[in-house]
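Below: one structure, written as structure tokens.
Every read-out reported here was derived from the displayed coordinates using simple, explicitly stated rules and does not represent laboratory data. Keep in mind the model is a prediction, meaning the values are calculated, not measured. Glycine also receives a Cβ, built like all others from the backbone with ideal geometry; neighbour counts cover every protein chain displayed.
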Amino acid sequence: MSWYVYIIETTTGKFYTGITTDVERRFLEHKDDPKKGAKFFRGHTPKKVIHTEEFENRSLASKREYEIKSLTKKQKLSLVGKV
């Protein structure tokens, strides 16, 4: 089973980074199900998934998630091709 790191852009331009085995399902949970979605999305409306990376296990995906979350906004914009 593959694991994915994903970045979701909100309607206000903020980025959210997470990991999952199913990016589409997770996006819909964030968008439509406050109980299953991240608390972050209670105050920010998700717009679209703008970046994904695939990994062979959860450990590698978690490490990459941490790396991405440590980036500056400018570095994240470069990663997703918005600079």
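Numbers at a glance
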read-out: Scattering curve values for the stretch 3-77, log₁₀ I(q)/I(0), Debye with Cα scatterers, q = 0.21 Å⁻¹; value: -0.92
read-out: Whichever lysines have a C-alpha closer than 28 Å to that of residue 74, once near sequence neighbours (fewer than 8 apart) are set aside; value: 14, 31, 39, 47, 48, 63, 82
read-out: Cα gyration tensor shape for the stretch 21-60, rounded if a/c is under 1.5, else prolate or oblate; value: prolate
read-out: Sequence of 42, 64, 26, 58 once ranked by neighbouring C-beta atoms within 10 Å, starting from the fewest; value: 42, 58, 64, 26
read-out: Expected 222 nm ellipticity per residue - DSSP helices of 4 or more, -39500 (n - 2.57), all of the chain, to 500; value: -10000 deg cm²/dmol
read-out: Whole-Hz ³J(HN,Hα) from phi, Karplus 6.51 cos²θ - 1.76 cosθ + 1.60, for the stretch 46-52, glycine and proline x; value: x, 9, 6, 7, 10, 7, 9
read-out: Proximal aspartates and glutamates relative to residue 76, as straight alpha-carbon distance under 20 Å, when same-chain residues fewer than 8 apart are discounted; value: 9, 53, 54, 65, 67
read-out: Under-5 Å amide H pairs with residue 51, H placed in peptide plane, nonlocal only; value: 7
